Every structure is written in structure tokens, then in C-alpha cells.
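For reference, the structure is listed below as C-alpha cells.
The values are calculated or read from the model by the stated rules, or taken from the named source; none is laboratory data. The model shown is predicted, which means the values in this text are computed figures rather than measured ones. So basically every Cβ, Gly included, is an ideal-geometry build from the backbone, and we count neighbours across all protein chains shown. These accessible areas exclude ligands, DNA and RNA; they are computed on the full protein's heavy atoms, side chains included. Shrake-Rupley method; radii C 1.70, N 1.55, O 1.52, S 1.80 Å.
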Amino acid sequence: MTIPPLLKTTCSATALLLIMLQAVRAEQPAFSRAPYLQLATDSSIRIVWRTERAITPLVRYGKDPVKLTGLAKAENIIKRVTATGESGSPPPLHSAPEGTRQFEATISGLEPETVYRYAIFDGKKRLTPDDPSYRFKTHPLPGIPRPLYFWVVGDSGTAGLNQAKVHTAMREYNKAKGAQLDLYIHVGDMAYGSGTDTQFSERFFKMYEPTLRNTVCWAAMGNHEGKTSKGADGSGPFYDAYICPTTGEAGGLPSGKEAYYSFDFGSVHFVVLDSHDLDRKPGGAMAQWLKADIEKTKAEWLIAYFHHPPYTKGSHDSDKESQLIEMREHIMPILEGGGVDIVFTGHSHIYERSMLINGAYATPTTAKGVILDDGDGDPDGDGPYLKSKGLVPHNGTVQVVAGHGGTNVSRKGTMPIMRRILVENGSVLVSVKGNTLSATMLNLNATVRDSFAIKKEGIIEHSPIQDPWQPSAKKETKKPESGKVIKEGKPLPPGAQRIIDHSAQWRYLAGGNHPPKNWTTLNFNQSSWKQGAAGFGYGDKDDRTELAGMKDKYRSVYIRRAFKLPDGANPAKIGLAVSYDDAFIAYINGKEVCRVGVDSGSGKDAKGFHSHEADKKFEFFPLDKKAIGALQDGVNILAIEGHNIKVNSSDFTLHPALLLVK
Amino acid sequence: MRKLPHSLLALFSIAIFLPCLPAHHDTEEMIARFTQRIESGKASAELHYRRAVEYRILLQPAKAEADLHAALEYDPNYTPAHRELAQLLAKRGKPKLAVKAARHAIFASRNLNERAGAMILLARLLAASGQPGAALRSCREAFELKPPGEVEWYLLHAELLALLDRDHERPDILAAGYTATYSIVLRNAWIDALLDAGDFKAALPVIEQELSGLRLKSSWRLRHARALLGLGRTATASAELAACLGELEKRIHPARPDITLIAERGLAHALLGRLGAARSDLRRARAGGAEQWMTAALERALSDVSKIDRR
Ligand SMILES: [Fe+2]
């Protein structure tokens, strides 16, 4: 029998996959959940791991990596299994795979602010490699000011590429800066779609494994974990995964529940709330605990986090949804009355960061009477937000929605208290040093997209700004009739090489005529077309080739230009950088490779345009996969048709460049 | 056999899980998706229930209620729908129907844990519909089913005792809860219960110890003043109340106050005999949605002062 070539390729790929998978299976991993850290204090830590087979668990640890002199013996390590054991045994795991053993070792009697190396053993057999990344650092003593550096992630749990990129971006950024995380906070939705045990293993523990082995993740529960875990009694895969303080053992007051708790890192006090499935009213047990807890803390900084954002217009709307409204109306007054400095949340798949605000509890949220500082908070821009020393009630809060840790991002509208709104994946890195808290939003390409700081000095008295700065409104775009999603550009990738420069010469056809069908191909005779430098347009003073007669006369312009690929260039890395108003379609050698803001058709038959302002900004569009097939050695043709939404529009811009990204 | 490099394994896990990635939508889109599935003949109790939850989140209770009834038509024993319905009906001002739904939730519960939870729900609904005695019985049955209970259950238990004028039983319940859970809320409620029961001597040392370690002291200054007044130390109590009011003025947002602080300020005014200010704060706290127990001490103080005035 003859096997068709395609099938042959598929078969050999499958065979290879199977061989590789068998290789993995034959070498059964020591851990079904690799070791991770929990519940760090100034004198203790928990190390947790899972195996699928019986072992004699031991943990060796010590300050000297060569001599791990400390020992946690099997009898001091809690072992949890899937089925209920005899009475008095630790609570069974909620829904772990049959045969799972979860080990929870408490290492105590440690020195504060000290780095220890650790290793996990099965009897005499060492299970973790001799690698400096298996380490932990105890917290400083409460109240003692020490630098703190932590990572904030939300809504990440897809196990997809973007989640992985956000994680890698953080690691590379820190490596380049020589910085190490002290802790990691997750604001929920870390295991889509239902926070099952398997989803936790695959979409959280596996994805962040190298970070989790030496950094405690202090988590708040999201609604997706809430499908299988219950805050009321601390049951389910979320509560199997995390060991949260209930008796005030990490600082703060005992909550009696793992669902909400507090912990200290030196002079920074963190409070973590369950905004999903517990009473959010001011009389509820959680709010009562919160009030008591923040009345007691004597920290210099107060940081709160939970899943549902009090202020957002990302993929969720805090003016319309009950959990978000309740967190704003009931919980924010308690937090601000206790002097909270910053609040991190997720749920809404976007990055939104506020100005310095106070008292914004009304529904709907407006900027009236609630903005204390409308600057950008950027030390290199308008300067940091200023607050009084210590925790002073109603002295200003910054809200950060960090629901952009891995899943699809989107935006519904404009939240008027926000200073920065970014619809892209990323995470937030926060440093607290002395009297300054600094934060940066790092996107998935490790580019810093937002920076702000809060500085505390002396006594600062704020009063609300009468007419504060306002974020520009989200442009209303009607939904494409065809049901197609309107493509949105990305920020320009750093360090890209220009194949066609922004100021390159192009051939162009303007004046209301439409070209013949073959105008996008290599062989088309362009000799009758005019020549001009990019960009093309009118009305917004951003055009090198001004199309003075375009307004009220015609709305489409056609441009084309030849280019050659640099030697050894990877065609998959080519993309367009375009500043445009309102829409365009790009072709390479006659094949359509990018369509933005046009629902259907092309040329004179193009239909369904969507409004877009150029704003003198370039957006990046990776080319469709078919572009790779259309490219050839030697000369290629890039052809672009630009369309204005209306013939009487006040401006038009078509300004492209072709990039080769790293 | 050679181990696969870590990065390759990571890529594998991504490749394997990509096809089954869940799509993430906002609340309105979730409703549209559920509707589409329901209308394409795939309706089930779970689908109607899930759409009801989204409607509840979007503050559309009528649609949520309709969906919950639809869910129960598909499966009359679908416990989550009974529970959700009971809470929704109570919020919609239908206490009798809410109690009925909670009883169904008890009947349909699949394990002891669920049953105990449904008992607590029933207790809350009975209390809200003016039947504290029946509520107390239901609450105690829940404790029997799940002996350690939960933080909120102890608070409810004590609240029901207060409604039945059995204040003297409250301290022991709350102390037991504190011992079982370590919750500071139960410890503080225990102190309040001691004060309500007139056991000022037992409360005073705990209050004084607590006061020494606090950053914001208003709520404990109030407790302190109540104990001092109970022990006849009026002058010290007045000084404590003045200090309490001073702190509260800094913490209460003038336009948008935290109602728990308003209730505290009202109580301080009442204990100082400033009845007009106390009544004004009581109105404000109630208008802001304060639950009955949150203003109970303030109301009691106001009624005590009026009794003295009448004498
Ligand atoms: Fe969420």
C-alpha cells in the first residue's frame, strides 16, 4: 500500500510524539506536583510536594548548601491522601488523582531574613537536584523596614503561550536586573475553567514551577477556582494547593478561615480577601475581620488584594456586576478608612491602573470629588504620588486591575478614575524600599508599559481635584456585520529591523480611481502611478505625502512597493507597523496578508469599515500565516489599500513600514 | 533513557492543552452563550442554574428567578438551584417562599456538609421572617450535623439568642467558637456579648490589654467606655469616648462614610448623652444598609437613656 506523503509526515510526527511521551512515562517523574513553598514567616516555612507512589519523605535544609544539616523527618511531615484514613488523620485531598500523596513539611526554628537551601529525599535517595534554585528565604521580623520585591499576576490559568510568555518575561527581566522575588501574589483565576485538581497541576504548578520552588505564592481565590472550592469551609482543590494562615501565624489577626487572611513582610502588611463566595457586606464576618485586622497593624504600608475589581471597564464592568459593586461600596470604605495604599485585583482581563483616589464608592463610578492626584505617578513623568508617612486614613489609594496574566484581554469602556489602560497581557512587579513603593507593568515581551510610584513623607494633606485629567474614551466601534473580530494592533516590538522604512518611497494611486484586479501582483505595471514618501493622508498633520484633494472627493488610496528579504530572515517574523485612519488591507505578491477594520470585499467593493484614529502612533500586526507562503527569494511586492470610513472625514492616514522582529 | 529537556516538556504541555482551552467571556457574553445552548435544545438544570447565577451577578433578579424555576423543572432535586432560589427569594421580599426553598435544599442535599449548610440558610431565613425560635433550632441542628461549625454559624447562633433576649447565653457560645476557630471576630463578639450581658468585670482586663497594642483604637475605646460605665467609672469613660470621637472624625469620610464607623460614632454620642447626634447616626447607618445587630448596642443605649429620662 502506498502512503500519501502528507499522511506519512503525520504518521512519523505521531510516532515521534509517542516515543517522546513513552520516554517521559518510562522515566516516571519523582513528583506529580514539584516542590513549592507556602506560608513563610520570620521563623518558618512549609514545603509541599506530591508523588504518585509511596516514599519515605525527608527534607534536608541548611544555610550552607554543602551541608544541609537541618532535617524534617517523616513523622513531622503531614501526608495527605485521596481517601479518608483513620480518624485523626489529616484531611483527605478533595479530588486529586487516585494514589496521590501530598506531603506538607513544616520547617521551623529558622532565622529571619535568611536564605536556606533545601532538598527532598525518599529515604536516602535525593529527589530534588543539587541546584541553587531549591531555596527559601524567611521573612524579616514584623515592623522592621526591609526592601521587598514581589510579582502580581491575575487571570493566568490557561496553560497557553501567553501565560508562559508573561512568566518568562518576568524571569528574564529580573535576571537582567539581578533582582529576586521575595514573594508572588496571585489575584485569582489561576486554573481555568473550574479550578479542578488537574487544572491546578497543569495550568498553575507546571507553568510556574521554577518560580514556585523558591517563592511563596500567596493567593486569593477567583471565581473559576470557586467552581470547585468553597471559601466557607476551605474545601476543594484551591485549599488543597495553598496553605494559608488562619491563626495569625504570618502576622495580622487570626481569621479562622483560609479564605481571607493577612501576612507581614517587615513593615508591609498584606490583606487577602475572598470576593467570590463569602458575604461582602460590612456586617459580614470577613468585613469585621478586615476592620479589626487593619486597626491593629502598625505597618508602614498596607496592600490589599482580591479577585473582583471595584473599578473596571475591561472584560467586566464594575458599574453593573454585583460582586464588584459590593467590593467597592462595602469593602473599599473599610480599607480606605484604615489607610490602604494600593489594591490589586483581577477578573477583568485587562491592565487598568488608577490615579491617586479616595472615597470613590458611588455607583456608577465617576471622577468627581474622588481624585486626589491626577498625575501619572511616574517618577520620570509627573512624579510619584505623595502620601503621609505611615498609614493615614483616606490619604489616597492606587487601584491596579491585573487580570492580564495570560488569558484573552479586552476592554468594554473607560473607567474615569484610571490613569493607564492597556489591553495586553502582562504582570506587575512591585518594589517597596524605604518610603517609596514603585510598580511597573511588564508585558509579555518584557517591555515596561507603565511605571508609577507612591512616596510617603511627612504630612501630606490632599483635597479632591475639581476638574481632573480624564482617560480618553474607548472608541465606539460597531460590531462587524460578518461577526469577524476587528483586529487590533500590538505595541511595536523592541529592536525590530526595518525592511521597508517609515519614510520609504512608494508608488500610489489616489484621486478616486480604483486599480485593476492585478494591482497587488509582482507583474502589475505601476508606471502610471505617482511616487511619494510614506505616510499618505490629510487633515492630521502627520503625512509626508499630503493628499490635499481627498476630503469630500474620495475615500480610498492604493500604495505599493518592492522589497527584498534580508539574508537568512525568518518569514514568520515579518510584520507590519502601521499608523492608520481608518482601515486597510495589505497584500504580498497578490495574497491578502492582513486586514484591519474592513469587514468584507476589497478595493471599490470593500464594505463594513470601522473607525480608527492614527494618533501619530504605530501599531504592530504580525502577518497572516499565508504571507509566509507568498514570500519569495528576490523581489516581493507589498501592496496596501487604505480606506476612510466616510468621504467627508476630517482626516485620513496610511503610514506603513515592514519590520523583521527578533 | 535520556530525559526530555524541560523546555520541550513545557511546550508539550502547552501543545496538549491548547485545543481544550476554555474561552473566557464577560458576564453578558456568558448569558448569550447559555441562551444559545438552551435554545438549541441542550437545556438542562445546570445550564439554567448557571445562567441564573450570571443574571444575579448582573442584578437582574427576575430573570434569575425564572431560570432557577426552570432548572428545578429539569431536576427537582438540583440542590444548588434550591439554595440559590432561597437566597434570591429572600432578597426579593418573598420570605415564605424563601423558607420553602431552603427546606427543599435541605431535603435535596447530597451529603451532611450540604445539609448542615442548608440548615444554616434556613435559620437565617427564619430569623429574617420573624421566627427566631425556629431559626435557633435549625442552627443547632446544623451544629449537630457538623460539630466544629464555621465562624459565621457561631455569630448567627449568638445573634439568634440576642433576638430571643437570651443575652446571658451568648458569651459561652462565642467563646466556644473562638476556641474552635481562633477567629478574632468571634473573640471580639465574645467581649461585646460579655458587655451586653453586664459582665463588665470579665470584659475589662481583656479590653485594656487589647487597647495597648492597637493603631486605630475607636472600637476598643467604645468597649472600654461601656465596661467603665458599667462599673460606675463615669469620668474615665467620658474621656475615653471623647478620644474615640476624635479618632473617628479622622477616619469617617465626610461624604461617603463607612457605616460601621457611623454606628460606632452614634454609640459614642449616645453614651455621652448626645441623643440628637446619636439618633442622626443611627438613621445614617440604617440608610447605609447596616444590619440590625450592627446598631443593636446603639439602639439599646438610646432606649436606656430614654428610660432614665422618663424616670
Ligand atoms: Fe474571574
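Brief remarks follow.
- Peptide A:185-196 has a mean shielding of 1, counted as Cβ atoms of other protein chains within 10 Å of each residue's Cβ.
- Highest-first arrangement of A:217-230, B:127-140, where packing means the average Cβ count within 10 Å: A:217-230, B:127-140
- Pairwise FRET efficiency - B:L211 versus A:S44, Cβ, R0 = 35 Å, nearest 0.05: 0.75
- DSSP-assigned coil residues among GluC sites (Glu not before Pro) in the stretch A:377-481, each with at most 13 further Cβ atoms within 10 Å: A:E457, A:E461, A:E476, A:E481
- At R0 = 60 Å, FRET efficiency that the Cβ-Cβ distance of A:S527 and B:Y74 yields, to 0.05: 0.25
- Relative to the Cα centre, the charge distribution of the stretch A:485-660, modelled as +1 at Lys and Arg Cβ and -1 at Asp and Glu Cβ, gives a dipole magnitude of about 400 debye.
- Placing unit charges on the Cβ atoms of the charged side chains and taking the dipole of the protein assembly as shown about its Cα centre, the candidate lying farthest along the positive direction among B:L241, B:A285, A:G154 is A:G154.
- Apolar share of the accessible surface for the stretch A:295-338: 45 percent from carbon plus sulfur atoms, 1.4 Å probe.
- For residues of A:314-320, the mean tally of beta carbons on other chains within 10 Å: 3
- Residues whose amide H falls under 5 Å from that of B:H253, counting only those 5 or more places apart or on a different chain, are B:D258, with hydrogens built in the peptide plane.
- The stretch B:81-123 versus the stretch A:51-72: alpha-carbon centroid distance in Å: 49 Å
- Annotation for the B:A interface, with buried accessible surface near 5000 Å², both sides summed [1.4 Å probe; non-protein components not counted].
- Dipole of chain A [Lys/Arg +1, Asp/Glu -1 at C-beta], most positive-end residue of A:N644, A:P282, A:I55: A:N644
- Dipole check for the stretch A:276-347: with +1 at the C-beta of Lys and Arg, -1 at the C-beta of Asp and Glu, and the Cα centre as origin, the magnitude is about 80 Debye.
- Per-residue ³J(HN,Hα) for the stretch A:590-604, Karplus 6.51 cos²θ - 1.76 cosθ + 1.60, θ = phi - 60°, Hz, x for Gly and Pro: x, 9, 5, 10, 7, 10, 10, x, 10, 6, 8, x, 8, x, 6
- Local electrostatic count, B:A70, Cβ distance below 12 Å [Lys/Arg +1, Asp/Glu -1]: -2
- For A:A402, the amide hydrogen comes within under 5 Å of the amide hydrogens of A:T345, A:G346, counting only partners 5 or more places away or on other chains and with H modelled in the peptide plane.
- Accessible surface of the stretch B:1-197 [probe 1.4 Å, protein heavy atoms]: carbon and sulfur percent: 56 percent
- Taking 28 Å as the straight-line reach from the Cα of B:K250, the lysines in range (excluding those fewer than 8 positions away in the same chain) are A:K281, A:K291, A:K296, A:K298, A:K368, A:K387, A:K389, A:K433, A:K455, A:K456, B:K217.
- Solvent-accessible area per residue in the protein assembly as shown equals 42 Å², computed with a 1.4 angstrom probe and all protein chains kept.
- Among A:P237, A:Y192, A:H167 the positive-end extreme of the charge dipole of the stretch A:161-263 (Cβ point charges): A:H167
- The residues neighbouring B:A123, those whose beta-carbon lies less than 14 Å from its own, together hold a net charge of +2 under the Lys/Arg +1, Asp/Glu -1 convention.
- The accessible area of A:E619, taken with all protein chains in place and a 1.4 Å probe, comes to roughly 40 Å².
- As a fraction of the 1.4 Å probe accessible area of the stretch A:27-138, surface on carbon and sulfur atoms comes out at 49 percent.
- Counting, for every residue in B:210-218, the Cβ atoms of other protein chains within 10 Å of its Cβ and taking the mean gives 4.
- Cut-off 10 Å between beta-carbons: net charge of the residues surrounding A:D233, Lys and Arg +1, Asp and Glu -1: +1
- Members of the stretch A:144-170 that become less accessible by 30 Å² or more once partner protein chains are added (1.4 angstrom probe, chain alone as reference): A:T158, A:A159, A:L161
- Rounded to whole numbers, the Karplus 3J(HN,Hα) couplings from phi for the stretch A:65-77 are x, 7, 10, 8, 7, x, 9, 9, 8, 3, 5, 9, 10 Hz, using 6.51 cos²θ - 1.76 cosθ + 1.60 with θ = phi - 60°, and x at Gly and Pro.
- Contact residues in the stretch A:282-310 (at least 30 Å² less accessible area with all protein chains than alone, 1.4 Å probe): A:P282, A:G283, A:A285, A:Q288, A:K291, A:E295, A:K296, A:K298.
- Annotation: amide H-H contacts under 5 Å for A:D373 (H modelled 1.01 Å from N, sequence separation of 5 or more, or interchain): A:L356.
- Surface listing: A:I55, A:I303 arranged by accessible area from highest to lowest gives A:I55, A:I303, probe 1.4 Å.
- A simple rule links phi to the HN-Hα coupling: the Karplus curve 6.51 cos²θ - 1.76 cosθ + 1.60 with θ = phi - 60°, which for the stretch A:146-161 gives 9, x, 9, 9, 9, 10, 10, 9, x, 6, 10, x, 9, 6, x, 5 Hz, with x for Gly and Pro.
- Computed over chain B: relative contact order in percent, which uses C-alpha pairs under 8 Å that are six or more apart: 7 percent
- A:D624 accessible area, 1.4 Å probe, all protein chains in place, Å² to nearest 10: 50 Å²
- For the protein assembly as shown, size of Cβ-based charge dipole, Lys and Arg +1, Asp and Glu -1, in debye: 1340 debye
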